[in-house]
Structure formats: C-alpha cells, structure tokens
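Notes to accompany the following structure.
The values are calculated or read from the model by the stated rules, or taken from the named source; none is laboratory data. None of the values given here were measured: they were computed from a predicted structure. Please note: Cβ atoms are built from the backbone with ideal geometry, for glycine as well, and neighbour counts cover all protein chains shown. The accessibility values were calculated without ligands, DNA or RNA, using every heavy atom of the protein model including side chains. Shrake-Rupley method; radii C 1.70, N 1.55, O 1.52, S 1.80 Å.
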Amino acid sequence: MRFASIRGIAAVVSLPLAALPACAAERFVAPAAPADSAPTYARTCNAYGESYFALPDSDMCLAIGGGAIGQLELRSLPRTPAGPPAGARLPFVIDSTEHPAALGGAFAVGLTVAARLPTDAGLVSAYVSAMAGYGGSANPDNWANLTRLDLAYITFAGWTAGRAQSAFDFYADAWNFTVLRGSNTRTELFSYAFAPTPGVTAIVSVENPHERRGEIGQAVNPLASVGYQGDGAPDIVGALRVESPLGQAQISAAAHQLRTRYAAPASVAPGQPDAATSSQWGFAAQGGLKVNLPSLSDADAMILQATYARGASAYVAGDSQSTFGDINHPGIASPRLTTAPGLAAYDYDCVVAAQPFGRCDRSSGYAIVAALKHFWSPEVSSSLFASVFGMSYPDAVKTGQSGVAGAGEYRESIVGGNLVWTPLKNLMIGGEISYALGQTETPSSPSGGAGEQWTTSTSWSGRVRVQQKF
C-alpha cells in the first residue's frame, strides 16, 4: 500500500472521520470460525479483520466504524505592516506591531462503511466515509460547517472509481495536524494500478479538474473579469512507486488544462473584442521518499518530498479540503494584499496581462516537505515537520494597470512538532505547536515606485486534539 493512501483511506489521521479503515483492520486477525459456522465465502471475513462480519445469506463482509474528534487551538494572528511603502497602490491594513491571539476550535463525528465481496473474478472492495461537524474561531457567527462526504470508492482488479485520495499524492499531511504545503487532495477519479514487477506499482488516473483549480487573475483593469471557461479536460495523473524493507519512493506527474476567459468593456482595450478565451496546459511533478529507521524503532521513519507546478497551483498550495488545519489562519494562509478585483500572492494558476489581449501567463510554484516520526514507546510518539513554499509570476503581470496591482510573489516557511499519546486502543491525545513565516512581494504600481519590496508576517499556533475511533 502506498504511503499517501494510508492517510487518504484512513482519513481520520488528519481529518475528523475517526474510523478504523479496512487497511488498518487487516493487522488484527480474528480467530478462525468453526468450519460449519458460515458459508465458504463468508468465512473469509476473518482475513479482513476482527471488525468485519458476514451478512446473512450473503458472501459480502462489512465493517462499520466511526469516531469523534475535537480540537482546541490558540493562534497568534500575523503581524501586518504599519503602512504601505511609498508608491504602492495596495490597501495594507493598518495594525499594531503586537501579535493578537485568537482562540478557536473544531469538533466532528464520522461514520465509515467498508465492504468486501469475494468473487470468482477477484475481490470487490468498497469504502465510504462521511463526517459532520463545525469549526471556527471564538466568534460563533464565524463557525464553518465541516459536514461532507469525504471518501466513496470501489476497487476491483486494480481499478478504482469514485472519490478517493489523488494518485499524485505521497506524504499528504500524514503526521502533522496543521496543514503543510505540497499536494493533498481527495477527488473524484478513475484509476488503474498494476505491478510490472514485485515491489513496483504504476498508476494511471483520470481525475476531476475542479478539485485542482486555483484562481485566474488579471492585472488589466478593475472592470475586467476573468475565470475558467467551462469544465475542460480532466487532470491526467501518473505515478510510479517502489516499495522495499528500506522504505518507499514515488515519482508522480499531472497535466492540468487551463481553459480561461477574459472579458472587458471596449473602453479598456479599444479596437479589441469584448471577450477572449485561451487554452493551454499546466503541469506538476513530484518526488517523494520515505526511509524507515529501524535503528531507532521498528516504526520510525523519515519523509522528504519535493513538488513543482506551473499553471497548477493547487498541486503545491496544500490541502484543498482542509478542516482543522486552517482554524484562525488568515494572513499566512491567504496573503491577499491587492486591490479589487484582486490577486492573491500564491493561489493563481495564471494571470491575464494587458498585452496581447486575453493572454494568461502561468504561475510557477514549489513546495518542499520534510517530516520525521519517532516512537518513544508503543504508546507515545513525536513528529517534527517543515515545509518551504514559493509562488512566482512572470514579469508581464508584476506591474498592474490603472486601479489594479500586479501579481506579487510569495515565500513561506513552516516548522512544527507534536507529541501524541495513545493510552488505549483507538484513543489518541495529541498536542502540537507550529510557526510560520510568510514574505510577500509588493506588486508594482503603474507609476513604478515600490516594486521589489517585501513585507513579512509571522504566526505561531498551538493545538490540542483528542480523537476516538470505534
């Protein structure tokens, strides 16, 4: 099983689904049933784990689980500049030099159902998980509804169809509570996995492009509008994974279509049409390495992952369905420092420039993630983690036109660690602290002036999480 699927299928690790998945249940094998206690196929439920049971008069085995999770978080809000640099056209928020703190929380309950049906053609498996909950800040009016269907897929003979973890992903926030950069997405997909040789798995996947869409920006005129045009082609993803007693390694790549539209009044671009469309492709590539550290303990391991994207910012920006990780996390997570209609510092797939008419210049981004997990005892473990992230845009869109700021680059570093205690089976109590440093380039104004200046914001956060699976 690939490393990212542990986090994707058992979404409870970094999402509050809190259910014992089929893959984990296989580690607990129940005693064999008497020979006359069940039909031939139903007796195979023992091989799937102690949580599986056979349906009466059926060959199907089911496992029903769920859980509850709660989190309390104290976060310092990022420091904002005292005022805009000379010549900048940005609406910087005037704020004190102190770090105000915000207290937030989240809670959720989850339900999972796993099914196994042995047939003469092979095993058919299905998995569904859903969650209901709320999360937000100390202001009750700002709480967000976290209820959703998280995973729902069926697998047979190497094929997987439904909503599952993207084949592109590797680490996928497996050991940290807060959200790191890199790729971590659950999406609708249709994939095929095959093993050309023992220990090597190749995956080809067709995935929903909407889960991977960033924004489309423009640096032309406040009256202009931009966005994606229609549904477009699905994302095409491929991955190659190698597993051995030493660990795992994976390389993956994805192609993402950018079908964009641009519309503006005739006064914005005299002699040009009112609207234009364009089509181009973005891409992403990733390499991941997991190294087992048996000299420390049997379960210790280290992760290193690097991702690059061009015109596909969601592949490097982080968890697209984050829940607990973004509580009270403005500023660092969304450094929007521009005027209407607005450009973000990192989450645009491409930005329309003034000339030629309707051209959309693709962004470039990278994310490097490192993590180390150590078990002090079978019940106590610690993780250290860090991510380095950057987003940049072509020079053509760094200088905006009248009333619109250009697209500024963004750099970010996150470091943190946690301590997790498992006093009872399926009960986890953990504490974590993290620190983030973000740097945003001041987009140039039409008259020049500021350009190439950077502003810095910092944030720290601490959180406690309690999670019970059943």
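List of remarks:
- Environment charge at residue 189 (Cβ cut-off 13 Å; Lys +1, Arg +1, Asp -1, Glu -1): -2
- Annotation: residue 435 carries an accessible surface of approximately 100 Å², with a 1.4 Å probe and no ligand, DNA or RNA atoms counted.
- Close amide H partners of residue 218, meaning residues 5 or more places away or on another chain with modelled amide H under 5 Å apart, are 352.
- Computed over protein heavy atoms with a 1.4 angstrom probe, the accessible surface ordering of 302, 60, largest first, is 302, 60.
- In sequence order, calculated HN-Hα J values of the range 432-441 (Karplus, 6.51, -1.76, 1.60; Hz; x Gly/Pro): 8, 9, 8, 9, 10, 10, x, 10, 10, 6
- Applying 1/(1 + (r/R0)^6) with R0 = 35 Å to the Cβ-Cβ distance of residue 375 and residue 57 gives a FRET efficiency near 0.20.
- Histogrammed with a bin width of 5 Å, the alpha carbon distances of the range 207-305 distribute as 3, 11, 15, 13, 11, 10, 9, 8, 6, 5, 4, 3, 2, 1, 0 percent, first bin at zero.
- Dividing the mean sequence gap of close Cα pairs (under 8 Å, 6+ apart) by how many residues the range 133-202 holds gives a relative contact order of 24 percent.
- Share of Cα-Cα pairs in the range 102-161 lying beyond 17 Å, as whole percent: 55 percent
- Mean Cβ neighbour count within 10 Å, used as a protection proxy, ranking 280-287, 157-164 highest first: 280-287, 157-164
- Computed from backbone phi, the HN-Hα couplings of the range 409-422 come to 6, 9, 10, 8, 10, 10, 9, x, x, 9, 10, 10, 10, 10 Hz, rounded to whole numbers (Karplus: 6.51 cos²θ - 1.76 cosθ + 1.60, θ = phi - 60°; Gly and Pro given as x).
- Segments 306-313, 149-156 sorted - mean Cβ within 10 Å per residue, highest first: 306-313, 149-156
- For residue 469, the lysines whose Cα falls under 28 Å of its own Cα, not counting residues fewer than eight places away in the same chain, are 290, 373, 425.
- Shown are 116, 259, whose ranking by accessible area with a 1.4 Å probe and every protein chain present, most to least, is 259, 116.
- Solvent-accessible surface (1.4 angstrom probe) belonging to residue 210, in square angstrom, nearest 10: 90 Å²
- The residues 300, 57, sorted by heavy-atom accessible surface at 1.4 Å with ligands and nucleic acids left out, run 57, 300 from largest to smallest.
- Using a Förster distance of 60 Å, the FRET efficiency for residue 123-residue 266 (Cβ separation, nearest 0.05): 0.45
- Length added when fully stretched, residue 113-residue 415, from 0.36 nm per residue minus Cα-Cα: 105.2 nm
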